[in-house]
Structures are given as C-alpha cells and as structure tokens.
Amino acid sequence: MNITLLLISIYSIAAVIIIAVLNIMQNHNNKKIKKKLENLEIEKNKIDSTPITPELAKIESYLKNDKLEVMYSGWKTRLEDIKNNQIPKISDLLLEAEYSLKQSDYKNIMYKLAKLEMEIYKVRTNSQFLLNEIKEITTSEEKNRAIITKLKAHYRTLYQKYNESKKEFGEIAKSVDLQFENISKKFEEFEVVIEQNDYIEITNIIKAIDEMLNHMETIIEEVPVIVIMATNILPKKIQEVEETYKKMQEKGYPLDYLNIEYNIEEANKKIVDVMDRTRVLNLEDGLFELKVLMEYFDSIFDDFEKEKLEKTNYEDQIRKFNSKLKKLNNLITEVFLQIDDLRNLYNLSDEDLKVILQIKTEIETLNKDYKILTSHTGNNAFAFSKLTKEIEGLFVRLVDLEERLDSSLNVIGTMKDDELRARQQLEEIKQILKEAKAKTREYNLPTIPKKYFVELSEAQSAIKEIVIELEKKPINTETLNTRVDTARDLAFKLFSQTKEMMKTAMFAEMAIVYGNRYRSEKEELDKNLTYSEVLFFKGEYQKSLEISINALNRIENGIYDKLLKLYGE
C-alpha cells in the first residue's frame with residue numbers, strides 16, 4: 001500500500017514538472033513570436049513613412065511638358081496603390097497573426113509570419129523603386145548641372161589644347177572648328193531643355209555631349225599625327241624607296257618579287273582615303289593604317305639590305321662551290337682511270353663498283369644543276385635570297401657526294417692498309433715465335449712436352465697461310481685479316497704457354513730441392529718427392545709441382561708462399 005502511494009506521488013510530481021516546463025517553453029516561444037510581430041510592425045511603419053509624397057509634390061512645379069505629366073500620373077497611381085491597398089494588406093496580416101498567437105494556433109501563425117515577411121519585402125521594394133524614379137527627376141537639375149559643369153571644363157581644356165597646336169591640323173582644322181561649334185550648340189540646347197524640364201531629352205543631350213567630347217579628345221590626339229604622316233613623312237619615305245629601288249635595279253638586283261611599284265600605288269590610294277575620312281573626322285583605323293604603311297616601307301629597306309647581303313653571300317658561296325666541285329670532278333675522273341687496276345689488285349665487290357658508278361652519275365647531275373643555276377644568275381630572273389637557297393641546296397648535295405665517295409675510296413684504302421698491316425704483323429708474329437723458341441733454351445728442361453710441339457706446328461702453319469694469301473692476286477682482304485688474326489692468336493698463345501711452362505718447371509725443381517732436407521725424416525715425403533721427380537723428367541711439370549707442394553705442406557704449412565718469398569717470386 002505504501003509503495004503504491006509512493007509511485008502515485010512520484011507520477012504526480014513528474015506531471016507537474018512536465019506541465020511547468022511546457023508552460024515555460026510556450027511562454028518563451030510566444031515572446032519570440034510577439035517580438036517578431038513587433039519588428040514587422042516597425043518595418044510596415046517605415047514603409048508607410050517613406051517620403052514619396054513630399055517628393056511627388058515637388059514634381060507638380062515641373063509639370064511643363066506632356067511626357068512628365070504622364071510619368072507624374074503613373075507615379076501617383078502607384079503611390080495610391082501602396083497607400084490604399086498594399087500597406088493595409090500588411091496591417092490585416094499583422095492582425096490575423098496576433099489573433100492566431102492569442103489562440104495558440106502555432107501552425108497558422110508560422111505560415112502568416114512567412115507571408116507577412118514576403119509581403120513587406122515586396123511593398124518595401126515597390127516603395128523604394130518609386131521613390132528612386134521620382135528622385136531621378138527632383139534631383140535631376142542639380143545632378144545634370146554638375147555633369148554639364150564638368151563637361152564644359154573638359155570642353156575648354158580640349159579647345160585650349162587644340163588652339164595651341166592648330167597649325168598641326170592643316171586643312172582638317174576647318175572640320176575641327178565646326179565640330180567645336182556643334183558641341184557648343186549642344187550646351188545651349190541643354191539650357192533650353194532644362195528650362196522646359198524635359199528631363200528625358202536632357203539625358204540624351206548630356207550623353208551626346210559626352211560622346212562628342214570623347215571623340216574630340218581622340219581627334220586632338222590623332223589628327224596631327226595622321227596629317228604629318230600622310231602629308232610629309234610617308235610621301236618622303238615612298239620617294240626614298242622609289243629612288244633606292246631604281247638604283248638597285250640599275251646595279252642588276254632582281255627586285256620584281258617585292259612588287260614595289262604596285263605597293264607604292266596602293267599606298268598612295270590608302271593615304272588619300274585616310275585623308276578623305278579624316279576631313280569628316282572619321283578616324284576609325286586611320287592612324288593604324290598609316291602606321292602599317294610606315295612599317296611596310298621600313299621593312300622594304302630591310303629587304304634591300306638583305307638582298308645586298310644575300311648577293312655577297314651568294315657570290316662567296318658560288319666561289320667555294322665551284323672550287324669544291326672542280327676537286328670532286330677531278331677526283332672521280334682519277335678514280336675511274338684507275339678502276340680496272342684496282343679491281344685486278346683487290347677483290348672489289350660488285351656492290352662497291354655499283355656505289356662508285358652511282359656517285360659518278362649523281363656528280364654529273366649536280367654539274368648540270370649548277371650550270372642551270374648560273375644561267376639564272378646572269379638573267380636576273382630570281383632574287384639573290386632565292387639563289388642563295390638554291391646554292392645551299394647544291395652544297396648539301398655536294399658534301400653528301402664527297403662523303404659517299406670518301407667512304408667508297410676508304411674501302412679501297414682500307415684494303416691497301418690491310419695488306420700493309422698484314423705484312424707488318426707477319427714479321428711481328430715470326431718474331432714472337434722466335435722469342436718463344438729462345439725461351440725454351442733459357443732453362444735446361446729435361447723434356448719438352450709433345451703438346452708444345454703441336455701448338456708450335458699450328459702457329460707455323462698459320463704463318464704459311466698468311467704468306468699464301470699475300471701472294472694471291474686479287475687479294476681477299478677479309479680472308480687475309482682472318483689468317484693474320486688466327487696466326488697472331490696462336491703465336492701469342494704459344495709464347496704465353498712457353499713462359500708459363502718455364503716458370504712451372506723451374507718452380508717444381510725448386511720444390512723438390514727444398515724438400516730433400518726432410519727426406520730422411522719422412523718416408524711418405526720421400527715417396528712423393530720421388531714420384532714428383534719422375535713426373536718432372538717426363539715433362540709433366542705442373543703435376544710434379546702440385547705433388548711436391550702438397551707433400552711439403554703437410555710438414556711445413558704455407559710452404560708455397562715461403563718458396564715464393566725464398567726464391568724471389
């Protein structure tokens with residue numbers, strides 16, 4: 001029973017706490033919504049107090065033309081709509097929201113708050129747009145007069161600058177004077193229109209004056225340059241080009257490819273066209289076109305200088321080419337005079353002969369092309385820059401033919417060198433064999449192994465093969481080189497083996513002599529040394545050395561190194 005009462009008490013307390021918390025949260029939420037409604041009320045009042053009516057009242061004193069009356073009527077209608085319809089609608093929405101808040105209808109109040117914010121934003125925007133449009137007129141005179149004051153200052157600056165350099169404008173000065181008069185008339189029109197309160201036309205006049213002054217700024221900057229270039233600088237430049245062109249033609253320079261006469265004619269037309277347009281103050285691309293002409297005629301002088309350099313270069317190339325071509329012609333002629341003797345003396349392949357014949361044919365073609373080029377030089381048909389490229393092309397072909405002919409002749413030269421080298425190496429190989437034989441007599445060997453005599457015989461046979469190849473006509477250099485390489489390898493191998501055999505035999509004998517001191521003490525050593533002596537006298541020196549060293553090493557460890565040191569090896 002007590003437990004039941006306790007549980008009921010706990011539930012009751014919890015319910016009271018929950019209700020209290022909910023009430024607190026609801027009150028807090030109500031305060032937030034109420035605060036938001038108050039802020040929206042303030043926003044509505046701000047819109048209502050927007051000074052549209054006073055500004056609109058100012059317009060009544062400006063009503064001097066039909067256009068402004070139409071605008072005034074429209075603004076008044078829009079203001080009435082804001083005052084009589086849009087703002088009252090906001091007031092109604094505020095009342096509805098307050099009622100929903102009292103009824104604790106939170107679902108409805110959130111919707112109405114969102115709608116209120118949207119409606120206030122829309123009405124505030126409409127009011128601001130309307131006020132700005134009206135102020136555009138009410139503040140127009142002050143603003144426009146400020147603009148016109150700046151434009152007049154700009155006009156005076158330009159006019160003063162123009163008067164200071166009027167001589168530089170030449171015949172174009174009349175057009176510029178007339179344009180300044182037109183701008184001055186526009187200022188007068190502004191005063192008339194502003195008196196009539198025709199604010200739409202005022203904007204057009206201000207825009208027109210601004211554009212005319214900007215154009216005048218360009219005129220003052222560019223026209224003097226155009227005039228001096230079109231009437232002085234370019235005509236002199238063209239005359240200088242014409243004179244230089246004629247002089248170079250008289251000296252034999254082929255300059256037709258530059259189309260000088262046609263380009264001068266077109267340039268004069270362009271100068272006339274630019275001046276015609278400048279007289280009516282149409283400067284579009286005029287200065288740019290004259291600068292392009294100036295750059296072109298400057299580049300012509302570069303072309304003239306290039307032709308002079310190319311002529312010098314071409315004449316120098318011709319001299320060098322002619323000298324090298326004569327040498328090549330003489331060389332190929334000499335080769336073909338000896339070709340039969342070379343073929344009989346050396347085993348020249350058909351491919352080698354074919355390459356030389358092909359080179360001869362190409363040299364003949366090169367001579368023909370060179371003759372054609374020199375004929376073009378004499379008739380002044382081509383520019384020296386083109387002729388230089390042609391001679392450079394012929395030079396490339398000439399160098400290629402020289403290299404190929406040298407390569408072919410190197411084959412023959414190599415064959416001669418191979419023969420000479422083979423004869424020299426034959427003597428060297430004979431000397432190596434002679435030294436190898438002499439070495440066998442330096443140490444009194446008990447026996448020379450049969451294998452040594454076999455290798456000696458092979459080396460001597462290889463030498464005989466070299467002699468046979470050298471006596472053949474024509475000489476096959478490939479076979480000859482093979483024979484020389486074989487004989488040399490065999491000779492060096494024999495010489496190396498001779499040295500090694502002598503060294504091994506001498507060292508084997510030393511080991512036996514050194515081991516004699518232990519014979520009486522070591523029966524096993526005595527047997528091994530006896531066997532080693534037998535092998536030594538048979539000529540098996542390596543095996544004899546191995547047996548004696550192994551036997552001694554059991555008695556005296558490291559004997560091999562000691563023997564080396566003892567006998568100064």
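The values are calculated or read from the model by the stated rules, or taken from the named source; none is laboratory data. This structure is a prediction, so every number in the text was calculated from the model and none was measured. Reconstructed Cβ throughout: ideal geometry from the backbone, glycine too, with neighbour counts over all protein chains shown.
In the stretch 259-269, what count of residues is obtained for those that are in contact with a helix residue (DSSP H, G or I) (Cβ under 6 Å, 6 or more places away or on another chain) and either at pLDDT 85 or above or not assigned by TED's automatic domain parsing to the domain that holds Asn214 (or both)? Don't jump to the end; show me each part of the working.
Restricting attention to the stretch 259-269, the residues satisfying the condition of being in contact with a helix residue (DSSP H, G or I) (Cβ under 6 Å, 6 or more places away or on another chain) are 260, 264, 267.
Now narrow it down to the ones that are either at pLDDT 85 or above or not assigned by TED's automatic domain parsing to the domain that holds Asn214 (or both): 264, 267.
Of the residues in the stretch 259-269, 2 are in contact with a helix residue (DSSP H, G or I) (Cβ under 6 Å, 6 or more places away or on another chain) and either at pLDDT 85 or above or not assigned by TED's automatic domain parsing to the domain that holds Asn214 (or both).
The set of residues in the stretch 88-124 being surrounded by fewer than 19 Cβ atoms within 10 Å (Cβ to Cβ), within 19 Å of Pro51 (Cα to Cα) and either touching a residue at least 12 places away in the same chain (Cβ under 8 Å) or under 60 Å from the mean Cα position of the chain (by Cα) (or both) consists of Tyr121, Lys122, Arg124.
Taking Glu295 as the residue in question, decide whether it is surrounded by fewer than 13 Cβ atoms within 10 Å (Cβ to Cβ), outside the structural domain of Asn214 (by TED's automatic domain parsing) and over 11 Å from Ile226 (Cα atoms). It is true that Glu295 is surrounded by fewer than 13 Cβ atoms within 10 Å (Cβ to Cβ), outside the structural domain of Asn214 (by TED's automatic domain parsing) and over 11 Å from Ile226 (Cα atoms). Just so you know, in the stretch 428-464 the residues that are modelled with pLDDT of 75 or more and acidic (Asp, Glu) include one that is surrounded by the most Cβ atoms within 10 Å (Cβ to Cβ), and it is Glu455.
Any residue at all in the stretch 69-77 that's basic (Lys, Arg) and modelled with pLDDT under 75?
yes
So which of Asn516, Asn410 ends up being among the polar types (S, T, N, Q) and either at pLDDT below 75 or over 26 Å from Ile549 (Cβ atoms) (or both)? Show your work before the answer.
Details: Asn516 fails: either at pLDDT below 75 or over 26 Å from Ile549 (Cβ atoms) (or both).
Being among the polar types (S, T, N, Q) and either at pLDDT below 75 or over 26 Å from Ile549 (Cβ atoms) (or both) holds for just one of Asn516, Asn410, which is Asn410.
Give the number of residues within the stretch 221-263 that are farther than 22 Å from Phe384 by Cβ and surrounded by fewer than 17 Cβ atoms within 10 Å (Cβ to Cβ). Before you say what the answer is, go through the steps one by one.
Taking the stretch 221-263 first, the residues farther than 22 Å from Phe384 by Cβ are 221-239.
Pick out the ones that are also surrounded by fewer than 17 Cβ atoms within 10 Å (Cβ to Cβ) and you get 221-222, 225, 228, 231-233, 235-236, 239.
Result for the stretch 221-263: 10.
Is it true that Gly539 is closer than 15 Å to Ile448 by Cβ and at pLDDT below 80? For Gly539, the condition - closer than 15 Å to Ile448 by Cβ and at pLDDT below 80 - is met. Here Asp276 fulfils each of the conditions (1) out of contact with any Lys or Arg (no Cβ under 7 Å at 6 or more places or on another chain); (2) in contact (Cβ under 8 Å) with a residue 24 or more places away in the chain apart from (2). Checked against the criterion of being of a type in the set (Ser, Thr, Tyr), in contact (Cβ under 8 Å) with a residue 60 or more places away in the chain and assigned to a helix (DSSP H, G or I), the candidates Thr530, Thr504, Thr498 yield just one match: Thr498. Among the residues of the stretch 514-526, those that are surrounded by fewer than 13 Cβ atoms within 10 Å (Cβ to Cβ), without any contact (Cβ under 8 Å) to a residue 12 or more places away in the chain and either in a helix (DSSP H, G or I) or of a type in the set (Phe, Trp, Tyr) (or both) comprise Arg517, Glu523.
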